[in-house]
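Peer 1: Here it is, the structure, as structure tokens.
The values are calculated or read from the model by the stated rules, or taken from the named source; none is laboratory data. Quick caveat: nothing in here was measured; it's all calculated off a predicted structure. Cβ placement follows ideal geometry from the backbone for every residue including glycine, while neighbour counts extend to all protein chains displayed.
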Amino acid sequence: MPHGIGHLIGIDTHDVGGYPTGTERVNKPGLRYLRARREMLPNMVFTVEPGLYFVDDMLNDAKSLPEVAQYIDFDKVAEYRCVGGVRIEDNIVITESGYDNLTACPKEVDELESIRAVAYKQ
């Protein structure tokens, strides 16, 4: 997946600084797209970007690798392929004891279905 802990947020939306000087990128599947590889300190603000994307090239590669393909229900992928993908992004500020989530939008299935039901009534 190309998403996880995202990037710093500062003056720019995709603020620089995720890789301090001397920190090399890891060129391994699942890690090569990380945009932040540093110690997270209090008052830093990051995105958290879990996502699921249906990328044809990646799916074709996965199908050809039995050690990966065994974990993927390709019939289910085909059913949802037309969606393209989904990402639920949060913005968090690191605190002394953990983090505060700055994002206040619905994410639970019942909350989303409630919003959707209202939209269909209009």
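Peer 1: Condition first: farther than 17 Å from LEU8 by Cα, under 16 Å from the mean Cα position of the chain (by Cα) and in a loop (DSSP other than H, G, I, E, B). Now tell me which residues in the stretch 57-104 satisfy that.
Peer 2: The answer is GLY84, and nothing else.
Peer 1: Please specify each residue of the stretch 30-56 satisfying the condition of being closer than 20 Å to THR103 by Cβ, among the aliphatic types (A, V, I, L, M), assigned to a loop (DSSP other than H, G, I, E, B) and at pLDDT 85 or above.
Peer 2: Listed by number, the residues that qualify are MET40, MET44.
Peer 1: To continue, here is another question. Are any residues in the stretch 30-48 surrounded by 11 or more Cβ atoms within 10 Å (Cβ to Cβ) and under 18 Å from the mean Cα position of the chain (by Cα), and if so, which ones?
Peer 2: Matches in the stretch 30-48: LEU31, TYR33, LEU34, ARG35, ALA36, ARG37, ARG38, MET40, VAL45, PHE46, THR47, VAL48.
Peer 1: Select from the stretch 72-122 the residues that are surrounded by 10 or more Cβ atoms within 10 Å (Cβ to Cβ) and of a type in the set (Asp, Glu) and write down the one among them that is modelled with the lowest pLDDT.
Peer 2: The extreme case among them is GLU89.
Peer 1: Any idea which residue in the stretch 1-25 is modelled with the lowest pLDDT, counting only those that are surrounded by 11 or more Cβ atoms within 10 Å (Cβ to Cβ) and within 25 Å of ASP61 (Cβ to Cβ)?
Peer 2: MET1
Peer 1: Which residue pairs have Cβ atoms closer than 9 Å, lie 6 or more positions apart in sequence or on different chains, and pair a first residue in the stretch 35-53 that is on the phi > 0 side of the Ramachandran plot with a second residue that is outside any loop (DSSP other than H, G, I, E, B) and modelled with pLDDT of 85 or more?
Peer 2: ASN43/VAL93; ASN43/ILE94
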